[in-house]
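Report on the structure given below.
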Amino acid sequence: MVHGTISEKSPTFKLENYKKRSNIIMKEVKNKKKVLITGVAGLLGSRLADWIIENKGDEYQVIGVDDLSGGFEENINPKVNFWQMDLVNHPIENIFESHKIDYVYHFAAYAAEGLSPFIRTHNYQNNLVATSRIVTQCIKHDIKRLVFTSTMAVYGHGEGGIFHEDMRRNPIDPYGVAKMGCERDIEMLYAHLFLYPNSIDVEEYNWDSNEFTKLNYYVK
Ligand SMILES: NC(=O)c1ccc[n+]([C@@H]2O[C@H](COP(=O)([O-])OP(=O)(O)OC[C@H]3O[C@@H](n4cnc5c(N)ncnc54)[C@H](O)[C@@H]3O)[C@@H](O)[C@H]2O)c1
């Protein structure tokens with residue numbers, strides 16, 4: 001995305017130079033790998049965007065999405081190609097269709113563990129439904145890698161001592177349940193796509209559906 005403005009009245013404006021510069025920029029951007037960060041106005045998303053732009057900006061272009069329900073607009077690095085969208089209700093396929101996305105870091109969430117029993121629907125929509133919609137687009141657009149951020153809330157009270165990923169998942173609030181659902185959804189998908197690749201008839205799968213349980217219908 002080209003930031004800044006150029007006016008025809010500006011004494012330095014020369015259409016040919018501008019076109020030449022635009023073409024160079026577009027070519028540079030085209031050659032870069034595309035990283036989509038959801039929740040790019042939030043704490044982790046904005047910091048990752050800054051890091052990529054500062055350290056890997058010549059290799060990667062950052063595309064960001066956030067509905068600004070949380071986070072801060074001023075967190076968003078001006079070099080991010082930003083889409084203000086709600087992952088639950090808006091046509092997020094437009095982002096994937098407009099950019100050939102290579103990698104997705106899915107950070108957007110409504111992370112309110114203690115509040116979640118009182119905002120059950122909001123919690124499941126913004127955590128579980130939003131994630132399933134992102135995952136659907138990842139499959140449909142052949143994303144190389146999806147990074148999902150879960151939470152220690154999936155382990156509930158834990159088993160005493162230090163928490164670790166081999167512990168039994170036993171969430172005790174809707175936030176933990178939603179995140180556990182996201183983990184299971186992604187694990188199931190991974191198994192179907194990579195461990196048992198012949199188990200899905202990709203041609204027949206209804207990609208417009210968000211219901212991943214449908215994958216089971218195609219297990220051979
Ligand atoms: N920060 C932590 O200590 C921590 C710990 C454990 C897990 N996590 C997880 O890491 C991720 C990022 O955490 P964070 O601290 O950066 O959170 P954050 O609240 O700072 O950022 C989340 C961003 O997601 C956006 N968002 C929420 N719902 C959305 C929707 N429906 N559509 C589009 N955007 C939406 C918000 O506007 C916000 O900018 C979350 O998934 C969170 O559950 C964070």
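The conditions are (1) crowded, with 21+ Cβ neighbours inside 10 Å; (2) of a type outside the set (Gly, Ala, Ser); (3) more than 9 Å from the ligand (Cβ to nearest atom), and residue 87 fails exactly one of them. Which is it?
(3)
Would you please name the residue that is farthest from the ligand (Cβ to nearest atom), looking only at residues in the range 146-177 that are farther than 25 Å from residue 35 by Cα and touching a residue at least 60 places away in the same chain (Cβ under 8 Å)?
The residue in question is 173.
Given 94, 75, which one is without any contact (Cβ under 8 Å) to a residue 40 or more places away in the chain, more than 11 Å from the ligand (Cβ to nearest atom) and under 23 Å from residue 46 (Cβ atoms)?
94
What's the number of the only condition in (1) at pLDDT 95 or above; (2) more than 12 Å from the ligand (Cβ to nearest atom) that residue 2 fails to meet?
Among (1) at pLDDT 95 or above; (2) more than 12 Å from the ligand (Cβ to nearest atom), the lone unmet condition for residue 2 is (1).
Report every pair of residues separated by at least 6 positions or lying on different chains whose Cβ atoms are under 7 Å apart, first residue within the range 107-136 and under 18 Å from residue 156 (Cβ atoms) and assigned to a helix (DSSP H, G or I), second of a type in the set (Gly, Ala, Ser) and more than 12 Å from the ligand (Cβ to nearest atom).
Filtered contacts from the range 107-136: 128/181.
Kindly indicate whether residue 104 is near the ligand (Cβ under 9 Å from one of its atoms), part of a strand (DSSP E or B) and either under 16 Å from residue 38 (Cβ atoms) or of a type in the set (Phe, Trp, Tyr) (or both).
When the stated conditions are applied, residue 104 does not pass them.
I need the full set of residues from the range 117-131 which are near the ligand (Cβ under 10 Å from one of its atoms) and surrounded by fewer than 23 Cβ atoms within 10 Å (Cβ to Cβ), in order please.
122, 125, 129
Among the residues of the range 137-177, what is the count of those that are surrounded by 18 or more Cβ atoms within 10 Å (Cβ to Cβ) and part of a helix (DSSP H, G or I)?
Count: 10.
Considering only the range 34-86, state which residues are under 14 Å from the mean Cα position of the chain (by Cα) and more than 16 Å from residue 107 (Cβ to Cβ).
Once the filter is applied, which keeps residues that are under 14 Å from the mean Cα position of the chain (by Cα) and more than 16 Å from residue 107 (Cβ to Cβ), the range 34-86 yields 34, 81.
The values are calculated or read from the model by the stated rules, or taken from the named source; none is laboratory data. Predicted model, so just to flag it, every value in this text is computed and none were measured. Every residue, glycine among them, receives a Cβ derived from its backbone with ideal geometry; neighbour counts consider all protein chains shown.
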